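Scroll down for the structure; my scribbles are underneath it.
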Amino acid sequence: MNRIIRFLSSLKIAITVIVLIVILAILATLVPQGREPSFYLDQFGSRLGSAIVAVQFNNFWRSALFIVPLAVFFINLLACTLRRLTGRLRRKAPLRIGPDLIHLSLLLLIIAGGITLFTRQETMVFLAEGSSFGLPDGKTIRLKNFDFEMYDDGRPKDWISRVEVLNGKSVVKSFDIEVNKPLRVGTYRIFQSSYKNDAVAVLEREGEQVMIRPGEAIPFEGGFFGFLESRSGPEGNTAVFIQEKDGKRTQISLASGEDFSGILLSDLLIHSESGLQVVTQKGVLIIYLSLGLLCFGLFLSFYQKLGDIN
Amino acid sequence: MLATIAFILQFAALIIMIVFLFRAGKGNKISGDISPYLLLLSAVLLLTDLVVRSIQINFIAITNTYESLVFFSAVIMIVLAAGKLRFKDRFASVIVFGGTVVSLALLAVASSPIAPDTIRPPIPALQSWWLVLHVTFAFIGEAFFVVAFVSSIMLLATKNEDKRAKLDKTTYTAIAVGYPIFTAGALIFGAVWAANAWGSFWSWDPKETWALITWLTYTLYLHVRLYKKLKGPVSAWISIVAFLFTLFTFFGVNFLLSGLHSYG
């Protein structure tokens, strides 16, 4: 048994597997991850592209190429930790447990990472003010109000989703979800993730009114006049249109009440929806525990190292 | 303006160091050198610059490339000045000299168009105290890696075994102190921030992956040294490569690879 542990805890294995993971990780950052197989064939040519897809280098962090070295690293670390701790206890050597705690926390972290990987479920929900969605545990989240605050230069300052958590018809909690301030409901965490605007441009031409959404167009002087997108800025909302005439395209930006060549933008209706990410996963507590243990182990190592220097 | 004065002070300190390095004989104690005080003064100015910006944006000013570079340079200055005041020998002077060159290079980048110094309050994702801890601890750790980088180059440049042993010890000490701080900042606080902002501790974003690569390379350094025969030149090369990875994580990923960290 001791011989097996001595072999598995070998420093040579540790060094080899660390070098291997470093090299593979570098290569993985050079290959875009998670794209369609055709992307790799186009980008890297048929031979290399096929090889990337065949060995799952396009999904490296979930592939055997990463999982196997990580498993070897885990076994090596486990054996090393057992060997160090038992050896220390047997010899009744003075405690210098900083590195041991670091090793132990990394083992826990790998286990917790695996648990979250296999148990994580996430959904993206877009809610308009007044609408709601149900969680699998029976509770309901209702969006009372969605605020999008901007700085003077037009960059986002804050997105705030003011929500109520309902159990049946009774409100059990009111909460303002912001980026970096998720809502926790049972095992679910709800994050402010994004937003989208559903815009409608109300156009008037020769007394006739027509409503179009982004991507739609009306005929115009032998070409078309299309609604590209709406934009929000400190001066208010504007609609961006594309006019095509004689094969030439021109981009035009209009605010409500402005007109272009006889087409009046009489109104721009923007209806914002808050994008909430709902996440549930097991193992989070173990991750926090292992990060805390890692911090403590690092602190002990640091403290002992300072003692050595002094 | 404050960063420019800090740059001039560091440059002046560099000139003084050159003069003293030429004047001092081998192994002689160097006295009357005011360069560490100039370095400290430059750190104070750089930190003052950040305090002024923090007041203006109503948040800790460490949320873009310019502010990160200024903070990094300030911490390097403090570490180098403290080292020079404590170890007043020729070795310390040469290491401080090399570290100051690195810091000046960082400030030069801070004054270039790739790191605009426009004062802008942070976007929602960056408004987190975990981010502040993440960035500051990572750079404090990396300031020690600068010392290790310079001493590793010096180790490779000399054939004298006594000098090599001393430089090897300096490299190891700097990494042993910087490693826990870097780990706490770059990996632990970064993961907690990500969990609060995006609901995931780790996303294998290119910058996260390169931070992990850097950390693994320093981990490799610490373990390789357990083999006596690998102490010295081999471990010095690993320290140099690890520091180059640190720089790539900071600069290279921002400009060459895209991801969640494209803002800083």
Taking the Cα centre of segment A:1-67 as origin, sum charge times position over the Cβ atoms of Lys and Arg (+1) and Asp and Glu (-1), and report the length of that vector in debye to the nearest 20.
420 debye
Kirkwood Rh in Å, taken over all unlike Cα pairs in chain B:
19.0 Å
Which of the listed residues, A:THR116, B:PHE71, A:ALA64, is farthest toward the dipole's positive end in the protein assembly as shown, when Lys, Arg count +1 and Asp, Glu count -1 at the beta-carbon?
A:ALA64
What nm value, rounded to one decimal, do you get for the distance between A:LEU82 and A:GLU149 when each label is placed 7 Å out toward the C-beta?
5.5 nm
Nearest-ten-degree value, helix B:233-247 long axis tilted from longest Cα axis of chain B:
30 degrees
Measuring from label point to label point, each 7 Å out along Cα→Cβ, what is the B:ILE5 to A:ILE115 span in nm?
5.4 nm
Could you point to the residue in B:ALA61, B:VAL147, B:TRP215 farthest towards the positive end of chain B's charge dipole, with +1 and -1 charges on the Cβ of Lys/Arg and Asp/Glu respectively?
B:VAL147
From largest accessible area down, sort A:GLU244, A:GLU204; use a 1.4 Å probe on the protein chains.
A:GLU204, A:GLU244
With 13 Å as the cut-off, how large is the P(r) tail for segment A:235-298, expressed as percent of Cα-Cα pairs?
77 percent
Which residues of segment B:150-179 bury at least 40 Å² of accessible area once all protein chains are present, versus their chain alone (1.4 Å probe)?
B:VAL177
To the nearest Å², the heavy-atom accessible area per residue of chain B with 1.4 Å probe amounts to 41 Å²
Of all C-alpha pairs within segment A:1-67, those more than 15 angstrom apart amount in percent to 59 percent
If you take the accessible area of A alone, add that of B alone, and subtract the area of the pair, what total do you get in Å², probe 1.4 Å, to the nearest 100?
3800 Å²
Calculate, for segment A:1-67, the solvent-accessible area per residue in square angstrom, rolling a 1.4 angstrom probe over the heavy atoms of the protein chains.
63 Å²
Could you work out what % of the accessible surface of chain B is carbon and sulfur, using a 1.4 angstrom probe and leaving DNA, RNA and ligands out of the count?
70 percent
Helix B:129-157 sits off the longest principal axis of the Cα atoms of chain B, rounded to the nearest 10 on a 0 to 90 degree scale, by 30 degrees
Which pairs break 20 Å Cα to Cα here: A:LYS305/B:LYS231; B:LYS159/B:LYS231; A:LYS196/A:LYS282; B:LYS88/B:LYS163?
A:LYS196/A:LYS282
Kindly express, to the nearest 10 degrees and within the range 0 to 90, the angle between helix A:64-91's C-alpha long axis and the longest C-alpha principal axis of chain A.
40 degrees
Going 7 Å from the Cα of A:ALA64 in the Cα-to-Cβ direction, what parts of segment A:1-38 have a backbone nitrogen less than 18 Å from that spot?
A:21, A:24
Mind putting a number on the dipole of segment A:117-242 about its Cα centre? Charges go on the C-beta only, +1 for Lys and Arg and -1 for Asp and Glu, and I need it in Debye to the nearest 20.
980 debye
With all protein chains present, how much of the accessible area of segment A:181-309 (probe radius 1.4 Å) comes from carbon and sulfur, to the nearest whole percent?
52 percent
The answer for segment A:80-166, accessible area per residue at 1.4 Å probe in Å², is 55 Å²
Plugging the Cβ-Cβ distance of A:LYS157 and B:VAL101 into 1/(1 + (r/R0)^6) at R0 = 41 Å yields, to the nearest 0.05, a FRET efficiency of 0.55
List the residues of segment A:119-164 that lose 40 Å² or more of accessible area once all protein chains are present, compared with their chain alone (1.4 Å probe, heavy atoms only, no ligands or nucleic acids).
A:TYR151, A:ARG155
At 0.36 nm per residue, minus the direct Cα-Cα distance, what do A:ASN167 and A:TYR303 gain on full extension? Give it in nm, one decimal, please.
44.0 nm
Label-point separation, A:ALA128 to A:ASN197 (7 Å along Cα→Cβ), nm:
1.6 nm
Give me the percent of accessible area attributable to carbon and sulfur for segment A:1-67, probe 1.4 angstrom.
63 percent
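The values are calculated or read from the model by the stated rules, or taken from the named source; none is laboratory data. Everything numeric in this text was worked out from a predicted model, so none of it was measured. Because the Cβ atoms are built from the backbone with ideal geometry, glycine has one as well, and the counts that use them run over all protein chains shown. Surface areas here come from the heavy atoms of the whole protein model, side chains and all, with no ligands, DNA or RNA. Shrake-Rupley method; radii C 1.70, N 1.55, O 1.52, S 1.80 Å.
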